[in-house]
Amino acid sequence: MTDLRADFLSTARSAGLLLHDPAVASAWDKPSALAEFGVAGLAGHLAYQVLSVVPALSGEQAPEPVISLLDHYARAQWLGTGVDSEVNVGIRRGGEAAATEGAQALAARFDSALAELTDKLATTANRPVRMPVWGPWTLLLDDLLITRLMELAVHSDDLAVSVGIPTPELAPGAATAVIDLLSRLATRRHGQSAVLRALSRAERAPDRISAF
């Protein structure tokens, strides 16, 4: 198994522990740290990052063109839209739908999907895969896993902050992959100079260099 896949699985296991944490169940019906997202919906959205990979691996190879990781984000409909946009409302509804059976049921579904992925990722080639909600394109499996790895890392932090527990630490390789992706997206959005100054010159740093 490649280092990337091992890092994805490690991060997914960490997210699973977070979903099982009693603090999440206790705050299930409360607002989260994200605007318009409840804790239950946020937990569902976090779990989706693993739940969605299983059918992507099980489906037949799609005929759509294979695009690069950054091209995928250039086409992503949710980037740059407000919390009330149709696509973001749909994302929240998807998280809420995944969480309808409660915290324990969601965590159990997550565990089952993760066990299945642990076996499949050990043998599946780096072939084109797709997620129908994205649009008419595919990514190579390892690029898909980088997108899910980033989502797992970001939303694990969101959920931990929402329920008042420490954010899980990423494995070094996972942290490198996530920070590399976010840095490239931030550079594309704000330019090289802004990111360079934010990381090296506090006196000239811009107010923000967020990737999204």
Which residues, taken from segment 100-121, are part of a helix (DSSP H, G or I) and over 20 Å from the mean Cα position of the chain (by Cα)? Q104, A105, D119
Would you point out the residue of segment 169-212, among those that are touching a Ser or Thr at 6+ places or on another chain (Cβ under 7 Å) and not in a helix (DSSP H, G or I), that is surrounded by the fewest Cβ atoms within 10 Å (Cβ to Cβ)? A171
Pair list, Cβ < 6 Å and 6+ apart or interchain, from segment 104-124 residues that are closer than 11 Å to L9 by Cβ to residues that are crowded, with 16+ Cβ neighbours inside 10 Å and of a type in the set (D, E, K, R): L121/R5
So L46 fits all but one of (1) crowded, with 18+ Cβ neighbours inside 10 Å; (2) free of Cβ contacts under 8 Å to residues at least 12 places away in the same chain; (3) not β-branched (V, I, T); what number is the exception? (2)
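One line per residue, one yes/no per condition, for (1) modelled with pLDDT of 95 or more; (2) not aliphatic (A, V, I, L, M):
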site: I165; (1), (2): yes, no
site: A177; (1), (2): yes, no
site: R188; (1), (2): no, yes
site: A194; (1), (2): no, no
site: I209; (1), (2): no, no
Using beta carbons and a limit of 6 Å, which pairs, at least six apart or on different chains, have the first residue in segment 17-35 and in contact (Cβ under 8 Å) with a residue 40 or more places away in the chain and exposed (fewer than 14 other Cβ atoms within 10 Å of the Cβ) and the second one part of a loop (DSSP other than H, G, I, E, B) and not aromatic (F, W, Y)? A35/V83
Any idea how many residues of segment 122-168 are buried (at least 16 other Cβ atoms within 10 Å of the Cβ), in contact with a strand residue (DSSP E or B) (Cβ under 7 Å, 6 or more places away or on another chain) and part of a loop (DSSP other than H, G, I, E, B)? 1
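The values are calculated or read from the model by the stated rules, or taken from the named source; none is laboratory data. Keep in mind the model is a prediction, meaning the values are calculated, not measured. Ideal geometry is used to build each Cβ from the backbone, glycine not excepted, and the neighbour counts take in all protein chains shown.
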